[in-house]
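Encoded as structure tokens, the structure appears first; notes follow it.
Just so you know, all these numbers are worked out from the coordinates, no wet-lab data involved. Please read all numbers here as calculations on a predicted model, not as lab measurements. No Cβ is skipped: glycine too gets one built from the backbone with ideal geometry, and neighbour counts run over all protein chains shown.
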Amino acid sequence: MKESLKPGIQYQHKFKVPPSKTVPALYPESEEFVAMPEVFATGFLVGFLEWACIKAINPHLDWPQEQTVGIHIDVSHEAATPPGLEVTASVELLAVEGKKLLFAVEAHDGVELISKGRHERFVVNKEKFDARVQAKAHR
């Protein structure tokens, strides 16, 4: 981690919602999901907020040897967003506690606020992390 990784880092990330990021596409194996409305899926929204946090801090890490993984998410999903709208995530790094990072996150779809909350990430050494995952896979 670089010395520049400090609270106060802010970032905005934009993404135009395609049909492939709607509820029916989340688990196409699930007839229940396939029958649901074609709006931005909460699962993809969470990934979008994580993406914004990653983009915010990567310049402050020794990327790609150092990476971050999500360890906690507590966000609302307050409004439906149809495909074609552009969503904007606004994130701010609130705290750095050793390797744990706490963010305030929110998203807007150009019409209204669609999400707000907190997200935590943890800084990992990619090589060591991958080795632990491989060991777990071969138990």
Among what's in the range 51-95 and is of a type in the set (Gly, Ala, Ser) and touching a helix residue (DSSP H, G or I) at 6+ places or on another chain (Cβ under 6 Å), pick the residue that is surrounded by the most Cβ atoms within 10 Å (Cβ to Cβ).
Ala89
Does Ala107 meet the test of being surrounded by 15 or more Cβ atoms within 10 Å (Cβ to Cβ), outside any strand (DSSP E or B), touching a residue at least 40 places away in the same chain (Cβ under 8 Å) and not acidic (Asp, Glu)?
no
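Quickly run through the range 18-44 and pick out the residues that are touching a residue at least 12 places away in the same chain (Cβ under 8 Å) and either of a type in the set (S, T, N, Q) or in contact with a Gly (Cβ under 7 Å, 6 or more places away or on another chain) (or both). Let's see the steps before the verdict.
Going residue by residue through the range 18-44, those that are touching a residue at least 12 places away in the same chain (Cβ under 8 Å) are 18-19, 21-26, 36-44.
Residues satisfying the conditions are Thr22, Leu26, Thr42.
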What do you reckon, is Ser115 closer than 22 Å to Gln67 by Cα and polar (S, T, N, Q)?
no
Condition first: polar (S, T, N, Q) and over 15 Å from the mean Cα position of the chain (by Cα). Can you find one or more residues in the range 116-136 that meet it?
yes
Got a number for residues in the range 1-38 being touching a Ser or Thr at 6+ places or on another chain (Cβ under 6 Å) and more than 19 Å from Ala52 (Cα to Cα)?
1
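Please pick out the residue among Lys14, Lys6 that is exposed (fewer than 15 other Cβ atoms within 10 Å of the Cβ), in contact (Cβ under 8 Å) with a residue 40 or more places away in the chain and more than 15 Å from the chain's Cα centre (by Cα). Quick ask: steps written out before the conclusion?
Details: Lys14 fails: more than 15 Å from the chain's Cα centre (by Cα).
On inspection, the qualifying residue turns out to be Lys6.
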